[in-house]
1. Rg/Rh for the stretch 27-173: what does it come to with C-alpha atoms and Rh from Kirkwood?
2. Across the Cα atoms of the stretch 123-214, what radius of gyration and what greatest pairwise Cα-Cα distance (Dmax) are found, in Å?
3. Any chance you could tell me what percent of the C-alpha pair distances in the stretch 138-188 go past 13 Å?
4. Output ³J(HN,Hα) for the stretch 198-203: one whole-Hz value per residue in order, computed from phi by the Karplus curve 6.51 cos²θ - 1.76 cosθ + 1.60 with θ = phi - 60°, and x for Gly and Pro.
5. With the full set of protein chains in place, find how many percent of the accessible area of the stretch 167-214 is carbon and sulfur; take the probe as 1.4 Å.
6. Given a cut-off of under 8 Å on Cα pairs at least six residues apart, what relative contact order in percent is computed for the stretch 55-214?
7. Across the stretch 178-193, in residue order, what do the Karplus-derived ³J(HN,Hα) couplings come to in whole Hz, using 6.51 cos²θ - 1.76 cosθ + 1.60 with θ = phi - 60° and x for Gly and Pro?
8. Just how many % of Cα pairs in the stretch 167-214 lie over 18 Å apart, if you round to the nearest whole percent?
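The values are calculated or read from the model by the stated rules, or taken from the named source; none is laboratory data. In this text the structure is predicted, and so the values were computed from the model without any measurement. So basically every Cβ, Gly included, is an ideal-geometry build from the backbone, and we count neighbours across all protein chains shown. In case anyone asks, the SASA skips ligands and DNA or RNA and just uses the protein heavy atoms, side chains included. Shrake-Rupley method; radii C 1.70, N 1.55, O 1.52, S 1.80 Å.
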Amino acid sequence: MIIINIIGILVLCFGIIALRLVYLSSATTGVSIAKYDSPKSALLVTDIQNDTLGISEYGNTEPLIANINTAIEYANDSEMEIIYVKQEFTRNPLDSLLSNGMYQAGSDGADLYNELSIQSDNVFSKLRSDAFSSDHFENYLIENEIDTLYIVGADASGCVYKTALGGIKRGYRVFVLGDSLFSVKAGKLNTMLEKYQTKGIEITNIKDFTQTQD
C-alpha cells in the first residue's frame, strides 16, 4: 500500500509538472485584429536578456547580437515601432524549478542584455512563451494599429516560434529574421525555419529587412 501511495504521489507530481509546462510553452489564441486604415509594422525583440546570453549552447553570441542591434537601429531610423519582450518567472517554486532558476522576476538575469540597443521604452514582461499571453503587449499592438511583426531574438524553437504562432492566429503578418535568431539547436535551425513557413510565418534576413525600410 505504501508503494502504491508513493507511485500515486509521483504520478500526480509529474502530471502537475507536465500541465504547467504545457501552459507555459503553448501558443495562445485570441480575437482577430481589425483592418486598420493606416496599419503599422513593429520590430519585436524577444528575450534578449542577461540569462539568455549565459546559455552555453548558444556559443559565440556576438554575431547574433550585432545583427539584432543592426535591425533595432534601422527600425529606429525608419521610425518603426520597436518592442522588447522579456521572460520573467514569478517566485513560484515550480516555475523556478522548471526554469532552472533563470529569468526570475526582479533579478539581474531577467534584465535586458546590457549590450542590447535600447531604442524605446516599450518593454513588456511575459510569463509564458507566447508574448501574446501578456495583455499589455497585445493591447499595445492594437492601440497602435500594428498589423505586421518582424521578430528577432530567442529562442527559435521556443518563445520566438510560439509568439509568431500567436500572431498568425490573430491575423498578423509575421516575419522572422532567420539570421537574427538564437537557437539551442543551431544545427536544426533551417529545419525549424521550414516549419515556420508551413504555419504561414514568413522568413527574411537583415539585408532584406533593412531594404524594406529604405
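1. 0.96
2. Taking only Cα atoms of the stretch 123-214, I get Rg and Dmax of 12.9, 39 Å.
3. Details: 736 of 1275 pairs.
Beyond 13 Å sits 58 percent of the P(r) for the stretch 138-188.
4. Once θ is set to phi - 60°, the couplings for the stretch 198-203 become 5, 9, x, 8, 8, 10 Hz.
5. Details: 1190 of 2590 Å².
Roughly 46 percent, rounded to a whole number.
6. Details: 219 pairs, mean separation 37.6, N = 160.
Across the stretch 55-214, relative contact order equals 23 percent.
7. With the stated coefficients, the stretch 178-193 comes to x, 8, 9, 10, 7, 8, 5, 10, 4, x, 10, 4, 4, 5, 5, 5 Hz.
8. Details: 396 of 1128 pairs.
So the pairs more than 18 Å apart make up 35 percent of the total in the stretch 167-214.
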